[in-house]
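Peer 1: If you scroll down you'll find the structure; I have some questions about it.
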Amino acid sequence: MRSRAIAGVVVLVVACVHGPDDLLLPGAVAIDAASVAANSNNALSGMVSVHVRNADSVAVRFHLSDVPSAGDSVTPAVQTVGDSASIPVLGLLPARRYMLRALAYGAGGTVLGDAIDFTTGALPSDLPHYTASGPDPSPGYVVFAAGMYGLVIDNTGRVVWYRRFPNGPGLSFMAQPNGRYVARPTTPDPTDVDSWVELDPLGDITRTLGCGLGLQPRPHDLISERDGSYWLLCDEVRTMDLTAAGGVAEARVTGTAVQHLSAAGALLFHWSPFDHFAITDGEPADRAGPNVNWTHGNALDLDVDGNLIVSFRNLGEITKIDAVSGSVIWRMGGRRNEFTFLDSPSPAFSGQHSARISAPHALVILDNLGTPRESRAEDYTVDEAARTARLAHAYSSIPGVVTQIGGSVQSLPGGRTLVSFGTAGRVEEYDAAGRMMWAIDGNAGYVFRAQRIRSLYAPGVGSAR
């Protein structure tokens, strides 16, 4: 037997599941050694490192040491690199003892390793606590930012994954289609450019994501593609003479640009509102001072045809943009509205957040201020050719609440919708009939964006944004 320390942490038990080399059949799968290390980012997880022969992938089977009758859980298998594999074990309980065993797969069979003893650490004292309930929640977990943490909770409200950031994760902590998380933490130095960071399922930062042309990334939304490229919203600031529009002579006007960058950081696409919108498209009060928050882009999505859907809160507008040419395809809501709204008041929404494509010709948003006395999730059927938007469903909390800023919507399988009511402190899931199926109990605090995911091991993969 031989030992191998991983990251200088914890226990190590070696698994030898074969006899002497001369007794091992040619091509037979063997586990030479296995060890487990604690994860410094998250006490509810560990990393198992395995040395194998003739194996193409390795998983870990585990259970609580004091409750073996509860049955084993098994991690997803990880492909070997050479003769090694590193397998994360996620979603464990705090301060509990577990028994783990490596499980190696190959053409020559499957081998179960010897037992590895592992005890998880205690939760941080400042980690938020939640309870949640409901008659029929969707399966999986819910991701959001809270205080200094990016969090994942299960349907009981238990924190099953967390990552602390020195200055907090920012408004959005999200799972992405490429199986990673992203956050846009702030830095103490106001002169620094605050970039997004991408994290793997263990909470390790894998790369930094920023805007091209020296622009500042906005903290509201980002899409990481499977090929490593990414779309994001950026602050573009220009000095403009707004005296003719009710403003000042040297106003610093901030508009929201949209960019697409390659995995290597090359700028692939840049769209500027200064090239397509007029300063008078916004509210007069918003352009009166020396610093003008003109468009305030707060959500970004890709339509089924590959073009962009962008929410501009301060224009009260959702815009579709050609993702190749940058031309504006249509404008919905606001002063330049091109649509007729059916089965809803006009203007249909105001101060909106989290515009998302839920299906072909279907758009779901959080209408923050368009309905008196309550914010609500609204699902529209969009006919682009006829320029009509029909309100198909609307969901609101009971009693109704208003969130002036923030909040989100996410379409789920079976016609369900997950809604965060932002500063109102409510996160709720509704079925297609509008009945509440799950909710975080009490006041959840300011949840800018909540998102359901299916797996801790591949966060965001196969889940709607």
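Peer 1: Which residue is surrounded by the most Cβ atoms within 10 Å (Cβ to Cβ), if the candidates are limited to the stretch 251-278 and must be outside any strand (DSSP E or B) and among the hydrophobic types (A, V, I, L, M, F, W, C)?
Peer 2: Here the answer is Phe277.
Peer 1: Name the single residue, out of those in the stretch 63-86 being in contact with a Leu (Cβ under 9 Å, 6 or more places away or on another chain) and under 20 Å from Asp32 (Cβ atoms), that is most open to solvent (accessible area, probe 1.4 Å). Please lay out each step first, then the result.
Peer 2: Initial filter on the stretch 63-86 (in contact with a Leu (Cβ under 9 Å, 6 or more places away or on another chain)): 63-64, 70, 74-75, 77.
Restricting the remaining residues to those that are under 20 Å from Asp32 (Cβ atoms) gives 75, 77.
Working: Thr75: 8, Ala77: 59 Å².
Residue satisfying both the conditions and the ranking: Ala77.
Peer 1: Mind listing just one residue for me: the one in the stretch 317-354 that is touching an Asp or Glu at 6+ places or on another chain (Cβ under 6 Å) and open to solvent by less than 50 Å² (accessible area, probe 1.4 Å) and, of those, nearest to Glu384 (Cα to Cα)?
Peer 2: That would be Trp330.
Peer 1: Let me ask something additional. May I ask you to list the residues in the stretch 87-100 that are open to solvent by 60 Å² or more (accessible area, probe 1.4 Å) and in a loop (DSSP other than H, G, I, E, B)? Steps first, answer last, please.
Peer 2: If we filter the stretch 87-100 for residues that are open to solvent by 60 Å² or more (accessible area, probe 1.4 Å), which is where we start, we get 95-97.
Answer for the stretch 87-100, where residues must be open to solvent by 60 Å² or more (accessible area, probe 1.4 Å) and in a loop (DSSP other than H, G, I, E, B): Ala95, Arg96.
Peer 1: Return a yes/no flag: does the stretch 119-135 have any residue that is touching an Asp or Glu at 6+ places or on another chain (Cβ under 8 Å), more than 30 Å from Asn54 (Cα to Cα) and part of a strand (DSSP E or B).
Peer 2: First, the residues of the stretch 119-135 that are touching an Asp or Glu at 6+ places or on another chain (Cβ under 8 Å): 130-134.
Among the residues that remain, those that are also more than 30 Å from Asn54 (Cα to Cα) are: 130-134.
Narrowing the set further to residues that are part of a strand (DSSP E or B) leaves 132-133.
Yes, because at least one residue in the stretch 119-135 is touching an Asp or Glu at 6+ places or on another chain (Cβ under 8 Å), more than 30 Å from Asn54 (Cα to Cα) and part of a strand (DSSP E or B).
Peer 1: Something else now. Check Arg454, Arg373 and return the single one that is basic (Lys, Arg) and at positive phi. Before you say what the answer is, go through the steps one by one.
Peer 2: Values: Arg454 fails: at positive phi.
Among Arg454, Arg373, only Arg373 is basic (Lys, Arg) and at positive phi.
Peer 1: Hey, among Gly134, Gly121, which residue is at pLDDT 95 or above, within 27 Å of the chain's Cα centre (by Cα) and at positive phi? Let's see the steps before the verdict.
Peer 2: On the way: Gly121 fails: at positive phi.
Step by step, each of Gly134, Gly121 is checked, and only Gly134 is at pLDDT 95 or above, within 27 Å of the chain's Cα centre (by Cα) and at positive phi.
Peer 1: If we scan the stretch 33-52, do we find a residue that is open to solvent by 40 Å² or more (accessible area, probe 1.4 Å) and over 23 Å from Tyr141 (Cα atoms)?
Peer 2: For the stretch 33-52, residues open to solvent by 40 Å² or more (accessible area, probe 1.4 Å) and over 23 Å from Tyr141 (Cα atoms): absent.
The values are calculated or read from the model by the stated rules, or taken from the named source; none is laboratory data. Everything numeric here is computed off the predicted structure, so don't read it as measured data. So basically every Cβ, Gly included, is an ideal-geometry build from the backbone, and we count neighbours across all protein chains shown. Keep in mind that these areas ignore ligands, DNA and RNA; they rest on the heavy atoms of the full protein, side chains included. Shrake-Rupley method; radii C 1.70, N 1.55, O 1.52, S 1.80 Å.
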